[in-house]
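Here the structure is laid out as structure tokens; the discussion comes afterwards.
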Amino acid sequence: MKRFLKSILPDNLVCSIQRFREHYIFGYKRNSYSQAGEDMILAQLFNEKMNGFYIDVGAYHPRKYSNTYLFYRRGWCGINIDASPGSMLLFQRERSRDINIEAAVSDKNIKTTFLCYNEPAYNALKSDTKISNPPPANLIETVDLSTVRLDQLIHEHLPAGQAIDFLDIDVEGNELAVLQSNDWSSFRPRVILVEALKQNMTDVQNSELHRFLTTHEYSLWYKTNYTLFYISREFINDNLHLYKNHDG
């Protein structure tokens, strides 16, 4: 019945109904689609903002483990990117308002190998890290593909004049390469989420990724077991009341 109603009702009306259900009927309960409540943390950062834009690199699935689906339900839209073969078919069906791109993102445009596992959440570009620390899943195939820079995809697909509220990156160890492929003078997401599995704060602050983001005037604001939250200088200036835990 829900799928039928979605198919016949205007998209903006569906979003309004969903917001009504969340805020007035089920106000005591919030549904999280993330692994560790990252979408709930983002919702606090953006103070119930109803219209925004995200970019999700390593999007994996339109709902499962998604840091963006809660916002899509609230009327946001964005760009979903994933390299897994056929990954965007489900996104096109369930996230039709979004721009959905099947691509492997890295800092160089090169031909490389993509590793596919029986659990697609572990799919990733081949790297020395993957070889020495294999995931708890079975490799089922390898795919030859070409990588593309993030700034190239943003230039091609970001609507004119559109600000980026948050950038979410989960690419199984290649997060720094994705960050290095952005044009920081042109595209500055207000908030950046980066996967960092169970690293302690000392490891995080000594990492090349942390140094890279702080160099570009982002500050570490929050950490879960799975994710680091960085906020931009501009976001800090606009929301000083939220800026409590930055590392300086």
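Restricting attention to the range 15-35, and to residues there that are part of a loop (DSSP other than H, G, I, E, B) and exposed (fewer than 14 other Cβ atoms within 10 Å of the Cβ), which single residue is modelled with the lowest pLDDT? Among those residues, the one meeting the criterion is PHE26.
State yes or no: is PRO134 in contact with a Ser or Thr (Cβ under 9 Å, 6 or more places away or on another chain) and closer than 19 Å to LEU197 by Cα? The answer is no for PRO134. All of LYS108, LYS49 fail the test of being more than 17 Å from the chain's Cα centre (by Cα) and farther than 21 Å from GLU195 by Cα, apart from LYS49. Candidates GLU156, GLU141, GLU119: the one that is free of Cβ contacts under 8 Å to residues at least 24 places away in the same chain and farther than 26 Å from GLN199 by Cα is GLU156.
If the condition is being of a type outside the set (D, E, K, R) and surrounded by fewer than 11 Cβ atoms within 10 Å (Cβ to Cβ), then the range 144-161 contributes PRO159, ALA160, GLY161. Restricting attention to the range 44-66, the residues that are within 21 Å of PRO159 (Cβ to Cβ) and of a type outside the set (A, V, I, L, M, F, W, C) add up to 6.
Considering the range 83-110, the residues that are among the basic types (Lys, Arg) and surrounded by fewer than 16 Cβ atoms within 10 Å (Cβ to Cβ) include one that is farthest from TYR72 (Cα to Cα), namely LYS108.
Of everything in the range 37-61 that is among the aliphatic types (A, V, I, L, M) and touching a strand residue (DSSP E or B) at 6+ places or on another chain (Cβ under 7 Å), the residue that is modelled with the lowest pLDDT is LEU45. Scoring ILE131 on the criteria (1) modelled with pLDDT of 90 or more; (2) in a helix (DSSP H, G or I) leaves a single failure, condition (1).
The values are calculated or read from the model by the stated rules, or taken from the named source; none is laboratory data. All values reported here derive from a predicted model rather than from experimental measurement. Virtual Cβ from ideal backbone geometry, glycine too; neighbours counted across all protein chains shown.
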